[in-house]
């Protein structure tokens, strides 16, 4: 039987680098040593002021098309996972469709914060399995640095900008998405939120801006850390159990790139070598939905992922959202 296959992957990060030492110069009470110790992040990428989420997505998509030997004209569904669309309306996927010149494709955004790439993969699976789409482009793209309060050292040090992409079809050969698993918990979604900008805060006013209601707020960071680790671990176990795979037989874990200490905790709880965790957050920071998509593409392109490798992508994000994908390469 045919199954969902990955024909190509791609990624793109802006050329501008913001290092921890650059952040020190901004007057924050922090240091490179403090940031690295608590997060594992050394630097992050920053999009230029005239670059949008769909611009980053386009670059990643073109790389994925090139690997797949396809063009935008071959796609009939475009999904963009993002919490930083170019505009609330139209969607980032609509802007991307225009920039790719793919008028034949249906397009829409998927909003699941840092879990967005896996949520979008799951949506793509359903379209492909039912025959509602033949070729799907999934892109996770974020300009997180435009959501930040640059005076808040607990949050602004974490984030960066970039995009990752994958082209999917049903088939009998190539990397196979064995399963995806999704979960949400809206009751506790307030721990990571941007309170302004939606129907809860309208119209946008000088007062709402002055109160910093339009920047990302990380609340109860320590509690969120523990919750994230638990859900990361549970998601890995769920993917392994569903596919009757021993966790020790999984070759690579490519989690959402949130915090190096989370990876270390996961490694300890699951009795895994840290060498099995593919890490990009040291050079890119947390790029929300795009993090594991970018890391997956880099692991493919640098040869870390080989034929027949088992790859697990566990994710956790605001909402709350979490889940995983298991892929046989």
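Apply the a/c threshold of 1.5 to the C-alpha gyration tensor of the stretch 178-328 and tell me whether it is rounded, prolate or oblate. Intermediate values should be presented prior to the final figure.
Working: a/c = 2.31, a/b = 1.98, b/c = 1.16.
Cα axes put the stretch 178-328 in the prolate bin.
Assuming 0.36 nm per residue, please report the length gained on full extension of the stretch residue 130 to residue 50 beyond their Cα-Cα distance. Could the numbers behind the result be given before it?
On the way: separation 80, 0.36 × 80 = 28.80 nm, distance 3.92 nm.
So the extension gain works out to 24.9 nm.
Extending each Cα 7 Å along its Cβ direction at residue 214 and residue 89, get the distance between those two points in nm, one decimal.
Here the answer is 1.8 nm between the modelled labels.
When only C-alpha pairs under 8 Å and at least 6 residues apart count, what is the relative contact order of the chain, in percent? Mind dumping the intermediate values first?
Numbers: 785 pairs, mean separation 83.5, N = 329.
That works out to 25 percent.
How many percent of Cα pairs in the chain exceed 28 Å?
Details: 19547 of 53956 pairs.
In whole percent, the share of Cα-Cα pairs in the chain beyond 28 Å is 36.
Quick check: residue separation of residue 176 and residue 26 times 0.36 nm, minus the Cα distance between them. What number comes out in nm? Could you put the intermediate results ahead of the total?
Values: separation 150, 0.36 × 150 = 54.00 nm, distance 4.56 nm.
Using 0.36 nm per residue and subtracting the Cα-Cα distance, I get 49.4 nm.
Nearest-5 percent of antiparallel DSSP beta bridges in the chain?
On the way: 40 of 54 bridges.
Around 75 percent antiparallel, to the nearest 5.
Only Cα pairs under 8 Å and at least 6 apart count here; give the relative contact order of the stretch 3-173 as a rounded whole percent.
On the way: 369 pairs, mean separation 58.9, N = 171.
With pairs under 8 Å counted, the relative contact order is 34 percent.
What 222 nm value per residue comes from the helices of the chain, counting each DSSP H run with n ≥ 4 as -39,500 (n - 2.57) and dividing by all residues, nearest 500 deg cm²/dmol? Let's see the in-between values first.
Working: 11 runs with 111 residues, N = 329.
Calculated mean residue ellipticity at 222 nm is -10000 deg cm²/dmol.
What whole-number distance in Å separates the alpha-carbon centres of the stretch 297-329 and the stretch 72-113?
That distance is 22 Å.
Highest first, please rank the peptides 151-161, 175-185 by the mean number of other Cβ atoms sitting within 10 Å of their residues.
Values: 151-161: 20.6, 175-185: 18.0.
Sorting 151-161, 175-185 by mean packing, highest first, produces 151-161, 175-185.
In whole angstrom, note down how far apart the Cα centers of the stretch 1-62 and the stretch 261-279 are.
So the two Cα centres are separated by 22 Å.
When a/c is below 1.5 the answer is rounded, else prolate if a/b is larger than b/c, else oblate, so apply that to the stretch 70-186 with a ≥ b ≥ c taken from the square roots of the Cα gyration tensor eigenvalues. Can you show the working numbers first?
Details: a/c = 2.30, a/b = 1.56, b/c = 1.47.
Verdict is prolate for the stretch 70-186.
Throughout, read-outs are computed from the coordinates displayed, never taken from laboratory work. The shown structure was predicted, so the numbers you read here are calculated from the model rather than taken from an experiment. Virtual Cβ from ideal backbone geometry, glycine too; neighbours counted across all protein chains shown.
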